[in-house]
Amino acid sequence: MSSTYWLTNTRLETSFQIEDGVVTATHTDCFHLLIKDGKIEKILSSIEEINDDLPRENAQHLLALPSFIEKHCHLDKTLLGDRWRSVTPVRNIFERLEIEKEVLPTLKTTTQERAERLLGIYVKSGITHVRTHVDIYPEVGLKNLEEVQKALHSYKGKLTHEIVAFPQHGLLRTDSRELVRKALQNGATHVGGVDPATVDGDINASLKAMVELAVEGKAGIDLHLHDPNHLGIFTIKKLAQLTIEAGLQGKVSISHAFGLGDIPLSQAEEMAILLADAGITIISSVPINRKFPPMGLLRQNGVSVAVGCDNIFDVWSPFGNGDILENVGRLAEISGWVDERSLAQALSYITDGKTPLNYEGEQVWPKVGDEANIVLVDASCSAEAVARRAKRVATMFRGQLVSSSL
């Protein structure tokens, strides 16, 4: 495809329809988008004529949305492409870790092959950026990192990525600090961690080690925190304190953060203020079997929030399909977001905050100069796309069609 062309007959959201103070529908109109060098160069109403001979790609009146971001996946864990396996029940996380350690080396497929299979699903579903956790522990060293990097390299030009050096078996418990340091030197962008109390057995020492590695490596942090109730809350407070002291605001995330869903909403609101001040992002996989953070409340209080798919067909879970729109639809369903505006704004959880219309109904995406990272969907508006998990017809990354059934 040419680096300069027209994406014609593209439907964009232009405003909300409001009756008696209630948003009842979303207005859309048809436009032609001039794509040049991966960005949107011009936006032209479809009633205006195009007066040049540049190539044209017909969007067939499909709705354009900002492409999706997968903020939590494990490319090295998936069993996609290998034989079917159900999951063995366990009594605790340590038994699960041992099963995984035994199973993964026995697979006939390579980590790279399985990761590429999942990346293909992601691109087809509208994702153009992934943050993947990669297990780092003594028995495998940096092998998982190397295999995942090969898979990501094969998708260069189709998506961008971040890599979390993830000491799944415990940063302190397996003395993996030096391995994480090497991973950061070899392409990882974030320091990972998991349950400093339950897995590492020392909240302060575990968090301090994570922060020191991040500062030294000029990296971010993404902590898996499953610990519930006040144990989880204590850990979050300590990480927020260390984040501010180290000047890491805006570079730290907590995945799961189940403790935020276990406390009263009044206390959760206090925690939201703390998280916003520390610039910590909360990432939820929207589980159906336990409480999770009150994402709407967090967002209303200025906390950066996101939804990720997490486990896809691995020894932890036999479920999942890699469709992040499915996950944000489930978030809306569980949260009771059934009105037009709430459903439309839910899209922000998988687009790094981008939505075609802001809360007031003003058009904010796309704008001239934006990167042409677009997903074309078979839906009348964002709200329908979220509620009905609309079919993705095409995915564009920096102006190029990387998946299409147009």
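Some observations on this one:
- Test result for Leu33, crowded, with 19+ Cβ neighbours inside 10 Å, farther than 15 Å from Asn373 by Cα and in contact with a Ser or Thr (Cβ under 6 Å, 6 or more places away or on another chain): no
- Residue list for the stretch 389-402, filter: in contact with a Ser or Thr (Cβ under 6 Å, 6 or more places away or on another chain), crowded, with 23+ Cβ neighbours inside 10 Å and within 19 Å of Arg56 (Cα to Cα): Thr395, Phe397
- Test: Val180 is under 18 Å from Arg131 (Cβ atoms), part of a strand (DSSP E or B) and in contact with a helix residue (DSSP H, G or I) (Cβ under 7 Å, 6 or more places away or on another chain): no
- Applying a threshold of 8 Å to beta carbon distances and a minimum spacing of six or more residues, or different chains, the list of pairs starting in the stretch 85-110 at a residue that is open to solvent by 30 Å² or more (accessible area, probe 1.4 Å) and ending at one that is among the hydroxyl-bearing types (Ser, Thr, Tyr) and assigned to a loop (DSSP other than H, G, I, E, B) reads Val87/Ser317; Ile93/Thr198; Ile99/Thr88.
- Any hit, the stretch 271-292, residues being of a type in the set (Ser, Thr, Tyr), in contact with a His (Cβ under 9 Å, 6 or more places away or on another chain) and open to solvent by less than 40 Å² (accessible area, probe 1.4 Å): yes
- Enumeration of residues in the stretch 356-388 that are surrounded by fewer than 21 Cβ atoms within 10 Å (Cβ to Cβ), among the polar types (S, T, N, Q) and assigned to a loop (DSSP other than H, G, I, E, B): Asn358, Ser380
- The stretch 113-124 residues that are open to solvent by less than 10 Å² (accessible area, probe 1.4 Å), paired with ones that are among the β-branched types (Val, Ile, Thr) and assigned to a helix (DSSP H, G or I) (beta carbon under 9 Å, 6 or more apart): Ala115/Val148; Tyr122/Ile324
- Some residue of the stretch 107-117 being in contact with a helix residue (DSSP H, G or I) (Cβ under 6 Å, 6 or more places away or on another chain) and small (Gly, Ala, Ser): yes
- Residue in the stretch 329-355 that is most open to solvent (accessible area, probe 1.4 Å), counting only those that are in a helix (DSSP H, G or I) and either of a type in the set (D, E, K, R) or under 24 Å from Lys42 (Cβ atoms) (or both): Glu333
- Reported count of residues in the stretch 199-225, each being surrounded by fewer than 21 Cβ atoms within 10 Å (Cβ to Cβ) and touching a residue at least 40 places away in the same chain (Cβ under 8 Å), is 1.
- Gln185 meets all of the listed conditions (1) open to solvent by less than 30 Å² (accessible area, probe 1.4 Å); (2) more than 23 Å from the chain's Cα centre (by Cα) but one, namely (1).
- Subset tally (residues that are in a loop (DSSP other than H, G, I, E, B), open to solvent by 40 Å² or more (accessible area, probe 1.4 Å), of a type outside the set (Asp, Glu) and over 21 Å from Ala390 (Cβ atoms)) for the stretch 47-80: 4
- Selection within the stretch 311-330 - out of contact with any helix residue (DSSP H, G or I) (no Cβ under 9 Å at 6 or more places or on another chain) and at pLDDT 95 or above: Glu326, Arg330
- Set side by side, the residues Glu245, Glu216 differ, and just one is over 27 Å from Ala272 (Cβ atoms) and not in a loop (DSSP other than H, G, I, E, B), which is Glu216.
- Checking the stated criteria, Arg96 turns out not to satisfy the condition of being within 20 Å of Gln168 (Cα to Cα), outside any loop (DSSP other than H, G, I, E, B) and modelled with pLDDT of 95 or more.
- Scanning the stretch 125-157 for residues that are assigned to a loop (DSSP other than H, G, I, E, B) and free of Cβ contacts under 8 Å to residues at least 12 places away in the same chain, we see that the one that is farthest from the chain's Cα centre (by Cα) is Val140.
- Of the criteria (1) open to solvent by less than 10 Å² (accessible area, probe 1.4 Å); (2) over 19 Å from the mean Cα position of the chain (by Cα), which one Leu179 fails: (1)
- Index of the failed condition, Lys42 passing every other in (1) assigned to a loop (DSSP other than H, G, I, E, B); (2) touching a residue at least 24 places away in the same chain (Cβ under 8 Å); (3) surrounded by fewer than 16 Cβ atoms within 10 Å (Cβ to Cβ); (4) charged (D, E, K, R): (1)
- Selection count, the stretch 125-141, where residues are surrounded by 19 or more Cβ atoms within 10 Å (Cβ to Cβ) and over 20 Å from Ile99 (Cβ atoms): 7
The values are calculated or read from the model by the stated rules, or taken from the named source; none is laboratory data. Because the structure is predicted, anything quoted here is derived from the model rather than measured. Note: ideal-geometry Cβ built from the backbone for every residue, glycine included; neighbour counts use all protein chains shown. Surface areas here come from the heavy atoms of the whole protein model, side chains and all, with no ligands, DNA or RNA. Shrake-Rupley method; radii C 1.70, N 1.55, O 1.52, S 1.80 Å.
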